[in-house]
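Just so you know, all these numbers are worked out from the coordinates, no wet-lab data involved. Since the structure is predicted, the reported quantities are computational estimates derived from the model, not experimental observations. Backbone-built Cβ (ideal geometry, glycine too); neighbour counts: all protein chains shown.
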């Protein structure tokens, strides 16, 4: 029985294959896919926070294909079919994967560099925002506080 806070080898294989199917590497732009070692490692770290829910969703979805162990050894075309079924069904497992992949992928310095973004928090330098029409906030200001005084 696997440890409560870690994923089995087969689960990791399936997650990595899904990540790679979601965002593949681009040789032209010289950026890695979501199945890159560093990006996938970051994704696994985040997955540990929601391991029970992720495991339940993954096994529930993959049950129709013979389970996690079976899907882990599918050839590429068969695995692509599994990914397509997940897309069509909009299964909660896919939603969890999208969140995990996006967070891990778009915090990678190589990806940020390719997007011409700095690998830093918005402060202390801040971000330049264009000035807009402040009168748009008048209805919000007029409604008064929406919190309770302690």
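Say whether the condition of being exposed (fewer than 15 other Cβ atoms within 10 Å of the Cβ), in a loop (DSSP other than H, G, I, E, B) and at negative phi is met by at least one residue in region 97-108. Scanning region 97-108, I find at least one residue that is exposed (fewer than 15 other Cβ atoms within 10 Å of the Cβ), in a loop (DSSP other than H, G, I, E, B) and at negative phi, so the answer is yes. Going by what's in this entry, would residue 58 be described as in contact with a helix residue (DSSP H, G or I) (Cβ under 7 Å, 6 or more places away or on another chain), free of Cβ contacts under 8 Å to residues at least 60 places away in the same chain and within 28 Å of residue 107 (Cα to Cα)? So residue 58 fits the description; yes.
I'd like the residue in region 85-96 that is over 12 Å from the mean Cα position of the chain (by Cα) and in a helix (DSSP H, G or I) and, out of all such residues, is surrounded by the fewest Cβ atoms within 10 Å (Cβ to Cβ). First the steps, then the outcome.
Looking only at region 85-96, we keep the residues that are over 12 Å from the mean Cα position of the chain (by Cα), and these are 85-92.
Then drop every residue that is not in a helix (DSSP H, G or I), which leaves 85-89, 92.
Details: 85: 14, 86: 19, 87: 12, 88: 9, 89: 12, 92: 15.
For region 85-96, the residue satisfying everything is 88.
For beta carbons closer than 7 Å, sequence separation of 6+ or different chains, a first residue in region 5-23 that is without any contact (Cβ under 8 Å) to a residue 40 or more places away in the chain and a second that is surrounded by 20 or more Cβ atoms within 10 Å (Cβ to Cβ), the qualifying pairs are 16/35; 16/40; 20/34; 20/35.
Of all residues in region 51-65, those satisfying the criterion of being within 11 Å of residue 93 (Cα to Cα), within 18 Å of the chain's Cα centre (by Cα) and crowded, with 16+ Cβ neighbours inside 10 Å are 54, 55, 57, 58, 61.
With respect to the conditions (1) in a helix (DSSP H, G or I); (2) over 21 Å from residue 14 (Cβ atoms); (3) over 22 Å from the mean Cα position of the chain (by Cα), residue 113 falls short on a single one, namely (3). Considering 30, 10, the condition of being touching a helix residue (DSSP H, G or I) at 6+ places or on another chain (Cβ under 9 Å) and at positive phi is satisfied by 30 alone. When region 66-84 is limited to residues that are farther than 18 Å from residue 9 by Cα and surrounded by 14 or more Cβ atoms within 10 Å (Cβ to Cβ), the one that is nearest to the chain's Cα centre (by Cα) turns out to be 83.
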